[in-house]
Amino acid sequence: MPIYEYKCDCGREVEDLRKASEADAKCICPDCGKPMKRKLSAHSGVRMGGGGGGTCCGRSEPCGAPPCADGACRLPD
């Protein structure tokens, strides 16, 4: 389940873990009781060993794209 961020006009910000299908459901501010607005937020996801290979992208050898190129993608021992 994704974590959504909401901000109220009073300045309060909260994070809420909810189903994607419930992303647009109302989130009420715990401070003032008014409906909050969902913020646009960046997220990242890492798929480890997706293709059965040893690197993060599933290949047997590191590729030229990050995180392999940065040295962050390690082959298993």
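The values are calculated or read from the model by the stated rules, or taken from the named source; none is laboratory data. Worth saying up front: this structure is predicted, and the values here are computed from it rather than measured. Quick reminder, even Gly has a Cβ in these numbers, built from the backbone with ideal geometry, and neighbours come from all protein chains shown.
Show the residue pairs meeting these rules: Cβ distance below 8 Å; 6+ apart or different chains; first residue within region 9-21 and free of Cβ contacts under 8 Å to residues at least 40 places away in the same chain and assigned by TED's automatic domain parsing to the domain that holds Asp31; second residue in a loop (DSSP other than H, G, I, E, B) and among the basic types (Lys, Arg). Within 8 Å, the pairs are Asp9/Lys34; Cys10/Lys34; Glu13/Lys39. In the set (1) modelled with pLDDT under 85; (2) out of contact with any His (no Cβ under 8 Å at 6 or more places or on another chain), the condition left unmet by Pro2 is number (2).
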